1. Run the accessible area of the stretch 128-225 with a 1.4 Å probe and give the carbon-and-sulfur part as a rounded percent.
2. Roll a 1.4 Å probe over the protein chains and send me the accessible area per residue for the stretch 83-240 in Å².
3. Under 17 Å from a point placed 7 Å out from the Cα of His218 along the Cα-to-Cβ direction: which residues of the stretch 90-115 have their backbone N that close?
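The values are calculated or read from the model by the stated rules, or taken from the named source; none is laboratory data. None of these values were measured; they are calculated from a predicted model. Please note: Cβ atoms are built from the backbone with ideal geometry, for glycine as well, and neighbour counts cover all protein chains shown. All accessible areas refer to the heavy atoms of the entire protein, side chains included, with ligands and DNA or RNA removed. Shrake-Rupley method; radii C 1.70, N 1.55, O 1.52, S 1.80 Å.
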Amino acid sequence: MTQYRRARRPYDEEPENHERWLISYADFITLLFAFFVVMYAISVVNTGKYKVFSDALGDAFGGAGAAITQNTEVQTTPQATPQAVRRRAMIAQEKVRMTKLAQDLLSTMAPLVKEGKVRVTQNSRGVSVEINASVLFDPGESKLTEESREALQAVASLLKDDPHAVQVEGHTDNQPIRNIYASNWELSAVRAATVVRLFIESGVAPERLTAVGHASNHPVADNEDPIGRARNRRVAVTILSGVPDPETEIPTAESAAAEAGPAPVVPPGQ
């Protein structure tokens, strides 16, 4: 019996395990990995939805909200300055005024617009009324026809009490001219000046008016086609926006280099 107990004793006591810490370490690493996976998942931003939300906040508070950089890193931009906020408000108000003016001009010139002889357009520069020269002048002439005077006087009545500057531009086709005018330059300039003179006679302030002759240098159609040449012979009356783009001074190479400062000195051998 004693021998039997002595034979079993080595198996009754398990040897001490010195690597038991690996189990706790593995559990810790697993939990740490899961933690970072969760943190990464909640940190991923849907850039499309975030931009919509950011723009909505910016519009609500009159300034720029949060911006998303190209690497999807989110950072806040400085709040818009009072000058920028005022300028945005001025641009919005000016657009409303110019749109109303465009609608009034379109209504005034409706019969000619319907015939395709007048186009009214609007862009950041202002509102433009493009009138086919056949409506205003006989071929090669700069004297207004009686029918055209009525149409231009209707335009002048809308512009008389309007504060915006007005630029009248004359355009021709590319066919050489053979009359009292030496070239299409003279004809286009005189036609523009003739329209300006009628506007002044109709009560538009002279200091608001400018006459420009472009000859055939800005065609809107192909001059090889008779229909295209007819479109190119035109007068454009542009009511200029009262909120022009701000001026940006272009720096010279010398001033740009001065602002950049001296170039870093590289030690020899590097």
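1. Exposed carbon and sulfur together represent 49 percent of the surface.
2. 55
3. none
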